[in-house]
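Every number here is computed from the coordinates shown, using simple stated rules; none is lab data. Fair warning: this is a prediction, and the values are worked out from it, not measured in the lab. We place every Cβ from the backbone using ideal geometry, glycine too, and count neighbours over all the protein chains shown.
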Amino acid sequence: MSEIKVTQTRSAIGSKPKQRGTLRALGLGKIGQSNTLPDRGEIRGMIARVPHLVKVEEVN
């Protein structure tokens, strides 16, 4: 199964509580923090909720 690397690029200050919760669920909390996650539909859905706060890269 492929993996994706999710990096937080912008602050969650001023964003809605659900968006902050989504970042926490992705394992992020600070700008520049990264997490490697499996490339599944649930994860892609969470990323779709906060595309303006994160950067996504494919990992082999």
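Scan segment 14-39 residue by residue and report those that are surrounded by fewer than 13 Cβ atoms within 10 Å (Cβ to Cβ) and within 20 Å of Asn60 (Cβ to Cβ).
Thr36, Pro38
Quick one: Arg44 ticks every box in (1) loosely packed, with under 13 Cβ neighbours inside 10 Å; (2) in contact with a Lys or Arg (Cβ under 9 Å, 6 or more places away or on another chain) bar one, so which box is it?
(2)
Select from segment 12-56 the residues that are of a type in the set (Gly, Ala, Ser) and either in a strand (DSSP E or B) or touching a residue at least 40 places away in the same chain (Cβ under 8 Å) (or both) and list them in ascending order.
Selection gives Ala12, Ser34.
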